Structures are given as C-alpha cells and as structure tokens.
Amino acid sequence: EIPYFDIKQQQLWIERLIKTKSTQKDLIFEIETQQKLLKKLRQAILQEAIEGKLTTFWRKQNPNIESANMLLEKMKAEKEQLVKEKKIKNQKPIPAIIENELPFDIPDSWKFCRWEELLSFEQHCMKRGPFGSALTKDIFVKEGIKVYEQQNAIHSVDRERYFITEEKFKEMEAFSVKPFDLIVSCSGATLGRISELHEHSKIGIINQALLKINLNNKLISNSFFIKIFRSSFFQDLILTKAWGSAMPNMVGVKELKKLLLPLPPLEEQNKILQTLEYSFKVCDELETTINSSKINSELLVSAVLKEASEK
C-alpha cells in the first residue's frame, strides 16, 4: 500500500519539492564555498606563521632572544669541531644564498637557510629508500625487521606486510629509521606528504617511495619543520620540481638539500606552534559547523518527502 491524496495536493508537494531542491542546491554551493575558504584560511595562517607575522608582538616583548643566525654559527662551530675530532666526515661547502633566491621578507632575528643546514650531524641523515634489486620481494620474510611503505608511514594504516632479516638490515642500515624520524612520501598521489614516526614506532627500513629526515633539533623542532613543509609555499616548491606525469616523483636528495627554509629562533618556533594550535582549533570548530550544515542541507529533501508521505 502507498499513501494517496488528490491530484491538486500532489502538485503542491511537487512544487514544494522543486523549491526545496533548489534551496538545497544553493545551500550546498554556499557550504562548499565556505569549505574552500576555510582551506585557504588555514594556508593563509600558516603562511603568516612562516613569515613571522603571527609573532610580531611577541618579538617586541622578547627582544633579547638569541637570533637564528647565532644558532647557526654555534652549530657550524660544533660541526667543525666534530670534523676535527674525526667523529664525522667533512662535507662540501653549502652553496651561498643570493638575494634573488629569497621568496619573501622575514624578521631580522630570523634567517633563510638551506635545508642541508638543518640536518642532523648523523651519517645518512637524509636519504631516500633503496631502488632496484636492493629491496625485492624475494628477500622478504614472515617476521623480522619492519619495512616501511607509504601506507603504514604516511597514511598511518596499521598494517605490516614486509619484513627483512637482521642480517639484511645490517646491510641496508643506511636506509634505517627510528622513532621521531620524519618520513616523506616521494611519489604518486601522496607526493610531499610528511609524518613523524611516534615514540613507539619500530626500528625498520624505508622502501623506495619514502624519504627519511633526521633534523638537528638544536636548530629546528620536528613540529615546526612539519608546519613549514605543509605550507603551500613549500609544497609548491616540491611539486614544481617533481618529474614524471602519470606517476610524479620527487626531485633528488641533492636538489632538496638546496631548498630554502625560513628559520626563527627556537623560542619563537615554540610560540608560533602555540599560536597555530589555537588558530587551527578555531578552524576545526568552524569546519564542524560547516559539516553539520552540510548534513542538515542533505536532509532537506528527505524531510519534505517524509512529510508528504505521512500526510
């Protein structure tokens, strides 16, 4: 059985349904516009953060903070001493930064530096996973040392598919990762995604689709580096240098090391992270409101049809 009412009433409900669908379409368009604007707002806040605009007032209150340039000089002296003591190998000089390379203005207490300057003194502190025959399925075992891939490193999928023996791990130790290392996706749809291995992460090695990074945390915190990395400024740099069309691939490690990053003093990095946390919390609340509006708009037509059927 289906409900029946006279033809005039049917026509009234049809007209009401058409109007409701038109209203719903307008609402969804407005909601989608709000979602796009919110995404732009997040990026605008992030850009202001990496340009030092979010902490202008804080700098005026804290004029005696050790500058980024002084921090870099200290690290340079520490590195030279380690080379002198033969604890680390001497490296090629880092290319000087010329003025026309600078992408935007930063505060006087900040410093533009090349990515290479922010790396740990450890050997193999920035390395992409092995290519070719080094990591093929015939060397995998059922249990052993974990092999990180895009799914379980970038997407945080709790799945372990591949393992290698401890002997093989020793051969491939240059590609090893440990808790608090940063992992970057180097190919495909997730190109440029970054994540940090949490404190309970297993020691393992990365595959060819991933890049590992060990930062010098006396210069820059992992959290602040991740914020810079996720900014549209830095993502655009990576994407413009990517090669391949069907399957885009990240440019080589040597080229990545030359990329410029803005470096604030450590204390200011922490302040920026606090400010971003608050700002993004407000954005999250706005997003929740927008999503609720979208759900309600999608229920409009159903509500009209339900009302019609009940009368």
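The values are calculated or read from the model by the stated rules, or taken from the named source; none is laboratory data. The shown structure was predicted, so the numbers you read here are calculated from the model rather than taken from an experiment. Neighbour counts are summed over all protein chains in view; Cβ atoms, including those assigned to glycine, are modelled from backbone coordinates with ideal geometry. When the accessible area is computed, the model is the full protein with side chains, heavy atoms only, and any ligands, DNA or RNA have been set aside. Shrake-Rupley method; radii C 1.70, N 1.55, O 1.52, S 1.80 Å.
The figures follow:
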item: Helices (runs of 4 or more DSSP H) contained entirely in segment 1-116, each with at least 1 residues that are closer than 30 Å to LYS254 by Cα; result: 7-50, 68-84
item: Sole exception among (1) free of Cβ contacts under 8 Å to residues at least 40 places away in the same chain; (2) not in a strand (DSSP E or B) for LEU256, by number; result: (1)
item: Selected residue [acidic (Asp, Glu) and touching a residue at least 40 places away in the same chain (Cβ under 8 Å)] from GLU30, GLU1, GLU66; result: GLU66
item: Unique residue being over 30 Å from the mean Cα position of the chain (by Cα), modelled with pLDDT under 95 and either among the β-branched types (Val, Ile, Thr) or open to solvent by less than 70 Å² (accessible area, probe 1.4 Å) (or both) when the list is LEU12, LEU38, LEU17; result: LEU17
item: Unmet requirement for LEU261, which otherwise passes all of (1) assigned to a helix (DSSP H, G or I); (2) open to solvent by less than 50 Å² (accessible area, probe 1.4 Å); result: (1)
item: PHE229 vs. criteria within 30 Å of THR56 (Cα to Cα) and either of a type in the set (Lys, Arg) or touching a helix residue (DSSP H, G or I) at 6+ places or on another chain (Cβ under 7 Å) (or both); result: no
item: Residue list for segment 59-86, filter: in contact with a Phe, Trp or Tyr (Cβ under 8 Å, 6 or more places away or on another chain) and either among the aromatic types (Phe, Trp, Tyr) or modelled with pLDDT under 90 (or both); result: none
item: Lone unmet requirement of (1) within 22 Å of LEU119 (Cα to Cα); (2) over 19 Å from the mean Cα position of the chain (by Cα); (3) outside any loop (DSSP other than H, G, I, E, B) for ILE183; result: (2)
item: Residue match in segment 236-244 (condition: surrounded by fewer than 14 Cβ atoms within 10 Å (Cβ to Cβ) and closer than 20 Å to GLU173 by Cα); result: no
item: Residue within segment 190-205 that is under 24 Å from MET75 (Cβ atoms), exposed (fewer than 14 other Cβ atoms within 10 Å of the Cβ) and modelled with pLDDT of 90 or more present; result: no
item: Among the residues listed as LYS227, LYS218, the single one being open to solvent by 10 Å² or more (accessible area, probe 1.4 Å) and either polar (S, T, N, Q) or not in a loop (DSSP other than H, G, I, E, B) (or both); result: LYS227
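Rundown of residues vs (1) surrounded by 16 or more Cβ atoms within 10 Å (Cβ to Cβ); (2) under 28 Å from the mean Cα position of the chain (by Cα), yes/no style:
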residue	(1), (2)
LEU27	yes, no
GLY52	yes, yes
THR56	no, yes
GLN61	no, no
SER67	yes, yes
GLN81	no, no
GLN91	no, no
ILE97	no, yes
